[in-house]
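J.: Mind having a look at this structure? Questions to follow.
The values are calculated or read from the model by the stated rules, or taken from the named source; none is laboratory data. In this text the structure is predicted, and so the values were computed from the model without any measurement. Here the Cβ is made from the backbone with ideal geometry for all residues, glycine too, and neighbour counts use every protein chain on show.
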Amino acid sequence: MSGYPKIPLRFLQQQFDTIYAGLTLLELANSGSVPVSLHSGALVTNRGASGAVVAALPSAADLGTGLPSWPFRALSYALRIDPGTAENLRYSGGAMAAGEYLELAAESSCIVTWDGTEWIVTAETGTLTEETP
């Protein structure tokens with residue numbers, strides 16, 4: 001048998017829960033775009049939402065120095081991560097076209113980091129899908 005052993009989803013979710021412990025919580029309960037540029041490092045959830053919520057990532061021009069990152073956790077509804085019209089986002093499914101959002105299905109999680117040239121999902125669990133034009 002070659003490759004890595006399969007890791008149970010439950011184990012990965014426990015690891016995310018451990019990572020999230022002690023982080024500042026940013027709850028996005030309203031549908032529509034919500035900028036997260038002032039909350040780098042905060043756990044972003046859609047707790048209290050009554051439908052899908054869009055979290056708009058800051059533009060590259062507004063980031064300054066450093067490598068900001070945010071953990072995201074979708075609860076009962078989808079949470080959409082929008083990199084804006086100029087930047088793209090790369091995840092396990094590949095690089096998305098600029099301006100397309102990444103959707104986390106209910107009970108899914110990911111960590112998104114700016115690497116200086118694009119947004120990258122550095123860890124993920126659950127179901128992530130990209131917007132298709």
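J.: Under 6 Å by Cβ, and 6 or more places apart or on different chains, what pairs join a residue from the stretch 104-131 that is more than 12 Å from Phe72 (Cβ to Cβ) and in contact (Cβ under 8 Å) with a residue 24 or more places away in the chain with one that is aromatic (Phe, Trp, Tyr) and buried (at least 17 other Cβ atoms within 10 Å of the Cβ)?
T.: Hits for this filter: Glu131/Tyr101.
J.: Name the single residue, out of those in the stretch 80-121 being surrounded by 14 or more Cβ atoms within 10 Å (Cβ to Cβ) and among the β-branched types (Val, Ile, Thr), that is farthest from Ala29 (Cα to Cα).
T.: Ile120
J.: Could you tell me whether any residue of the stretch 17-32 is surrounded by 15 or more Cβ atoms within 10 Å (Cβ to Cβ), at pLDDT below 85, within 14 Å of the chain's Cα centre (by Cα) and in a strand (DSSP E or B)?
T.: Scanning the stretch 17-32 turns up at least one residue that is surrounded by 15 or more Cβ atoms within 10 Å (Cβ to Cβ), at pLDDT below 85, within 14 Å of the chain's Cα centre (by Cα) and in a strand (DSSP E or B).
J.: Also: So which residues in the stretch 78-101 are under 19 Å from Arg47 (Cβ atoms) and either without any contact (Cβ under 8 Å) to a residue 24 or more places away in the chain or not charged (D, E, K, R) (or both), if there are any at all?
T.: Correct list: Ala78, Leu79, Ile81.
J.: If you don't mind, there's one more thing I want to ask. Among the residues of the stretch 101-116, write down those that are of a type in the set (D, E, K, R) and at pLDDT 90 or above.
T.: Looking only at the stretch 101-116, we keep the residues that are of a type in the set (D, E, K, R), and these are 103, 107, 115.
Glu103 - this is the single residue of the stretch 101-116 that is of a type in the set (D, E, K, R) and at pLDDT 90 or above.
J.: Going by the structure shown, is Glu124 part of a strand (DSSP E or B), under 17 Å from Ala55 (Cα atoms) and either at pLDDT below 90 or touching a Phe, Trp or Tyr at 6+ places or on another chain (Cβ under 8 Å) (or both)? Spell out the reasoning first.
T.: Working: part of a strand (DSSP E or B): yes; under 17 Å from Ala55 (Cα atoms): yes; either at pLDDT below 90 or touching a Phe, Trp or Tyr at 6+ places or on another chain (Cβ under 8 Å) (or both): yes.
For Glu124, the condition - part of a strand (DSSP E or B), under 17 Å from Ala55 (Cα atoms) and either at pLDDT below 90 or touching a Phe, Trp or Tyr at 6+ places or on another chain (Cβ under 8 Å) (or both) - is met.
J.: Further question on the same structure: If a residue has to be under 13 Å from Glu124 (Cβ atoms) and at pLDDT 85 or above to count, how many in the stretch 72-93 make the cut? Outline the logic, then answer.
T.: Initial filter on the stretch 72-93 (under 13 Å from Glu124 (Cβ atoms)): 72-74, 79, 81, 89-93.
Of the ones still in play, those that are also at pLDDT 85 or above are 72-74, 79, 81, 89-92.
Of the residues in the stretch 72-93, 9 are under 13 Å from Glu124 (Cβ atoms) and at pLDDT 85 or above.
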